Ligand code: FES
Ligand SMILES: [Fe+2]
């Protein structure tokens, strides 16, 4: 048994440090897939990815290849991408439209969009007297145990028991509220397609970096400085540099001490929020035009509440990192102990003027895409971390920064004033990890 090959996991996680094997041991990775990714709510995609009946999108949940598919009745189903006959994957493409039903390419068994068997060629003559036939559920495509969506964001759990999606999300649901509320029509729409990046590092290294306020002004310093120099030159020449330069120069101008003024809020299940908005609410004509549309849609009071939400980043453990004010998210798909796929998506605010979308697209390209130096800076660290942790140069990873300054209120850990660079989010994630990994089954 896998469990028996792994020594006592509680010895791997201490309040201020974690053993390196947590990132590098292939057996621990397998157990993580069983106990975390294939049990909890994992983000599949947005409903607008599959607008028409028969539209499907392939998605990985833990080690399982899954399909998110729109049914003729409008519902979104999540199915294992596997034919019940001899195991053929039903869809080899990443996305497409399956028509009125799925048809296996091997021997033409067909299935409804909810996975139910539709037909088997010459079923009566071929299967008379056997266990196979229309009434046997084993002849249908297997469904994810549970599927729920919140404001158009579809999640699936491969475990039939556990909390509802909203109970699981808790306060982290603000990621979707903040994103959708910023749309005059109260909804977002996905922009097809996403960037995909395969990182040569463990999945937890990526997640730990998302709310690591200590790293941006160091890791991205050279990128920020170069952008800052050009921004100043343009300002000198024309009086005003495009806002896109600010998106990059902030990495140099927001120094470590300023990041300490931000705050992280750490919730049950490993979810965390980093407050602060990097000053991206300028008073330029595009923003003012957007504000006007929003005030018309919501009224002044509600508008102020919506744009006043002070979030930089929401991490929904163990698979999602959301930057709601800029309509971006990154979904984390572990592929192996040292290989992690991230899908990088962005969204349109329905009803918002086009320049607001262009701003989101600029951030997507400049900060989150594989083409940007910001992403490259991070990827290099992730790979180097994984290499270092694979060595015998030390046994522990430290998460001790500002330990002892955490303020706990009703199960929520807030960082104290002036402690924005605390490693509380990493401590919180590892606390959830240990709970999931050692829970009685
Ligand atoms: S494997 Fe799908 S019909 Fe045979
Ligand atoms: Fe970074």
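The values are calculated or read from the model by the stated rules, or taken from the named source; none is laboratory data. Just so you know, these numbers come straight off a predicted model, no measurement behind them. Here the Cβ is made from the backbone with ideal geometry for all residues, glycine too, and neighbour counts use every protein chain on show.
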Of the listed residues (193, 202, 136), the one being more than 16 Å from ligand 2 (Cβ to nearest atom), in contact with a helix residue (DSSP H, G or I) (Cβ under 8 Å, 6 or more places away or on another chain) and within 30 Å of residue 93 (Cα to Cα) is 202
Please determine whether any residue of region 29-39 is touching a residue at least 40 places away in the same chain (Cβ under 8 Å), within 16 Å of residue 142 (Cα to Cα) and in a strand (DSSP E or B). no
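With the condition being in contact (Cβ under 8 Å) with a residue 12 or more places away in the chain, I'd like the helices (runs of 4 or more DSSP H) fully within region 113-226 carrying at least 2 qualifying residues.
Output list reads 165-169, 174-181, 203-210, 216-219.
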Test residue 146 against the criterion of being farther than 30 Å from residue 337 by Cβ and in contact with a helix residue (DSSP H, G or I) (Cβ under 9 Å, 6 or more places away or on another chain), and give yes or no. no
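Here is a yes/no grid of residues against (1) on the phi > 0 side of the Ramachandran plot; (2) within 16 Å of ligand 2 (Cβ to nearest atom); (3) at pLDDT below 95; (4) exposed (fewer than 14 other Cβ atoms within 10 Å of the Cβ):
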{"site": "358", "(1), (2), (3), (4)": "no, no, yes, yes"}
{"site": "362", "(1), (2), (3), (4)": "no, no, yes, no"}
{"site": "378", "(1), (2), (3), (4)": "no, yes, no, no"}
{"site": "392", "(1), (2), (3), (4)": "no, no, no, yes"}
{"site": "395", "(1), (2), (3), (4)": "no, no, no, yes"}
So residue 58 passes all but one of these: (1) touching a residue at least 40 places away in the same chain (Cβ under 8 Å); (2) assigned to a strand (DSSP E or B). Which condition number does it fail? (1)
Out of region 44-94, which residues are within 16 Å of ligand 1 (Cβ to nearest atom) and at positive phi? 87
Matching residues in region 311-358 - criterion: being closer than 13 Å to residue 205 by Cα and outside any strand (DSSP E or B): 317, 318, 319, 337, 338
Given the residues 134, 94, which is the only one that is surrounded by fewer than 17 Cβ atoms within 10 Å (Cβ to Cβ), modelled with pLDDT under 95 and touching a strand residue (DSSP E or B) at 6+ places or on another chain (Cβ under 8 Å)? 134
